[in-house]
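Structure, as structure tokens:
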Amino acid sequence: MVVKIGILGLGTVGTGTVQILQDLVGRHHLLQAIEIQRVGVRSIDKPRAVELHPDLVTTDLHSIVTDPEIEIIVEVLGGIEPARSLILTAIEHGKHIVTANKAVIARFGDEIFTAANQAGVYVMLEAAVGGGIPVIQPLKQSLGVNRIQRVTGIINGTTNYILTRMTVEGGEFADILADAQKLGYAEADPTADVDGLDAGDKIAILASLAFGGRIKRDNVNCEGISKIGAADIAYADKLNFVIKLLAIAERVEDGAVSVRVHPTFVPKDYPLATVNGVYNAILIEGEPLGQVMLFGPGAGAGATASAVVSDLVALVGVIQSKPSREDVVNSPNTALHPLLSCSHDRYSPMAPLSSLRSSFYVRFSCMDVPGVIGELGTCFGSHHVSIESIVQTGFQGDRAEIVVVTHDVSESDFSSALAEIKQLDAIASIPSIIRVL
Ligand code: NDP
Ligand code: HSE
């Protein structure tokens, strides 16, 4: 039985997907059922790395998502619009969706999954998080039998590449970012990566699967890496840490979940500390399993296409078995395969960052005058922030640098202390504030 698919987008991931589908020897036998019916692009005349019959390629994407012969739409356009509208139109027309688009799922997952459940179709998104690393289906199935406590990921390759080079070479953020753009590792507009927003989209998706409730994307706190300096990297190294951009989703008290992205001092012997370059890794902690770490290429044509095609195989398997789509439409939610569909019907309560406890590293730039360390100690102490160490590390120009590492303290006490410290005459600026794992 042939299953016809439409592909929206023939860029990095779309091309990788077509390459796998045009070269089936040695791959999963179910792929032989797939036939590419149409491929949608923006510029019809652009040279392509794959050969497709010209009649297959079109700029009319609406005609693809409404084509009655197509059963599965692969959305690899990126961005919010027209991706969101095309996905919703495809669902309305009874098509299953495979997408790599974390931005659209993290923001419009509720609308998209509700529409899919009503229409009796599946929305598959293995490629949206961790590129080629299988993490979505494991969280839905094998790992989901555990009571998951925490998911911690390095899930943005661009920032991990920059931090790794800063660690290995000792350079500054802006110089290495510029180099990464020249080498094609970072996008022309790297804002979403550098500011932690891409990792925020991905951890929102992982948190919804791990904790069985939808996540309001606006409640995911995202902090990027642009303020990290060579001095912070060097200081972390002296203390036996490396700095990583961690995306963390964890259960806290009263069933609430905390979902956040921030640079973090990670002990050198922690499992994620040795994940370097553009690689991604996701550490999942649950009961009774303990820790499982999934590691692999988090981006790139072949790796991401592998995840896209794995979703296609799962859908072909479902399409080729009973029940038929008509059965599913007549009895949505009960007839959908429970391991592939989205069964969340509520949002998870979320804990604000201010309710958490963390240990902090802070680098102050100050006047080299007597009593500064004493003033800092007094401000922290009066807000119940206990200090583990306080050291004057050297000078940047005529400014002294003081580094403070706190014990585990309340985030809100720490913020109040910092607000007071910023008013001190001797404090010129606070170049870095980084949480310590
Ligand atoms: P690209 O920019 O390489 O490709 C996008 C494709 O979509 C192009 O073929 C482009 O057409 C087409 N396109 C974009 N907008 C429109 C439009 N309005 N109308 C018609 N065609 C359009 O993106 P990627 O392949 O890198 O990314 C695709 C998705 O996969 C994104 O959601 C991304 O976040 C996700 N992803 C990407 C990874 C990667 O390594 N690249 C890794 C994991 C996920 P044309 O070619 O004519 O310009
Ligand atoms: N820009 C993303 C990254 C691509 O750097 O990880 C993969 O989603």
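In whole Å and largest first, what semi-axes does the C-alpha gyration tensor of the range 266-418 yield when each eigenvalue is scaled by 5 and square-rooted?
52, 22, 14
Quick check: pseudo-label points 7 Å beyond the Cα along Cα→Cβ at Val57 and Glu35, how many nm apart are they?
Roughly 2.2 nm, to one decimal.
Using θ = phi - 60° and the Karplus curve 6.51 cos²θ - 1.76 cosθ + 1.60, what whole-Hz ³J(HN,Hα) does each residue of the range 77-82 get, with Gly and Pro shown as x?
Once θ is set to phi - 60°, the couplings for the range 77-82 become 8, x, x, 8, 10, x Hz.
Measuring with a 1.4 Å probe in the full set of protein chains, what accessible area per residue, in whole Å², belongs to the range 136-296?
Heavy-atom SASA per residue in the range 136-296 reads 40 Å².
Per residue, how much accessible area does the range 356-436 show when a 1.4 Å probe rolls over the protein heavy atoms, in square angstrom?
Using a 1.4 Å probe on heavy atoms only, each residue of the range 356-436 averages 45 Å².
How many angstrom separate the Cα center of the range 392-430 from the Cα center of the range 336-378?
So the separation of the two Cα centres works out to 17 Å.
Tell me the carbon and sulfur percent of the accessible area for the chain, rounded to whole percent, probe radius 1.4 Å.
About 51 percent, which is the carbon plus sulfur part of the accessible surface.
Would you calculate, for the chain, the mean residue ellipticity at 222 nm contributed by helices, counting each DSSP H stretch of 4 or more residues as -39,500 (n - 2.57) and dividing by all residues, to the nearest 500?
Dividing the helical sum by the residues of the chain leaves -10000 deg cm²/dmol.
Thinking of the range 136-296 as a set of Cα atoms, what percent of all their pairs are more than 22 Å apart?
41
Which entries of Lys4/Lys102; Lys140/Lys202; Lys202/Lys244; Lys244/Lys422 have Cα-Cα distances beyond 18 Å here?
As for pairs spanning more than 18 Å Cα to Cα, those are Lys4/Lys102; Lys244/Lys422.
Please give the per residue accessible area of the range 50-128, computed with a probe of 1.4 Å over protein heavy atoms only, in Å².
Spelled out: the 1.4 Å probe surface of the range 50-128, per residue, equals 37 Å².
Select from Ala426, Ala119, Ala90 the residue whose mean-square fluctuation is largest in a Gaussian network model of the chain (Cα-Cα springs shorter than 10 Å).
Per the Cα network of the chain with a 10 Å cutoff, Ala426 tops the list.
In whole angstrom, how far apart do the alpha carbon centroids of the range 181-241 and the range 59-124 sit?
Cα centroid of the range 181-241 versus Cα centroid of the range 59-124: 27 Å apart.
Could you work out the percent of alpha carbon pairs in the range 356-436 separated by over 15 Å, rounded to a whole number?
50
Taking N as the number of residues in the range 18-99, what is its alpha-carbon radius of gyration divided by 2.2 N^0.38 Å?
That works out to 1.13 for the range 18-99.
Given H placed 1.01 Å from N in the peptide plane, which residues other than close sequence neighbours of Leu246 have an amide H under 5 Å from its amide H?
His262, Thr264
Please compute the Kirkwood hydrodynamic radius over the range 114-210, one decimal place, Å, based on all pairs of different Cα atoms.
Answer for the range 114-210: a Kirkwood hydrodynamic radius of 15.5 Å.
Debye calculation, C-alpha points only, no solvent: report log10 I(q)/I(0) for the chain at q = 0.06, 0.08 Å⁻¹, in the same order as the q values.
-0.29, -0.50
Can you list the HN-Hα couplings for the range 209-221, worked out from phi with the Karplus curve (6.51, -1.76, 1.60; θ = phi - 60°), rounded to whole Hz and with x for Gly and Pro?
Each residue's phi maps through the Karplus curve to give 6, 5, 10, x, x, 5, 10, 6, 4, 5, 8, 8, 6 Hz.
If Lys and Arg each add +1 and Asp and Glu each add -1, what is the summed charge of the other residues whose beta carbon sits under 13 Å from the beta carbon of Leu52?
Summing Lys/Arg as +1 and Asp/Glu as -1 gives 0.
For Val391 and Asp218, what is the calculated FRET efficiency with R₀ set at 60 Å and r taken between the beta-carbons, to the nearest 0.05?
0.95
Residue by residue through the range 154-171, what is 3J(HN,Hα) from phi via Karplus (6.51 cos²θ - 1.76 cosθ + 1.60, θ = phi - 60°)? Round to whole Hz and write x for glycine and proline.
Taking θ as phi minus 60°, the curve returns 9, 10, 10, x, 4, 5, 5, 4, 5, 5, 5, 5, 4, 6, 6, 9, x, x Hz for the range 154-171.
The values are calculated or read from the model by the stated rules, or taken from the named source; none is laboratory data. Not measured: the values here are computed from a predicted model. Every residue, glycine among them, receives a Cβ derived from its backbone with ideal geometry; neighbour counts consider all protein chains shown. What goes into the accessible areas is simple: the full protein's heavy atoms, side chains included, and nothing from ligands, DNA or RNA. Shrake-Rupley method; radii C 1.70, N 1.55, O 1.52, S 1.80 Å.
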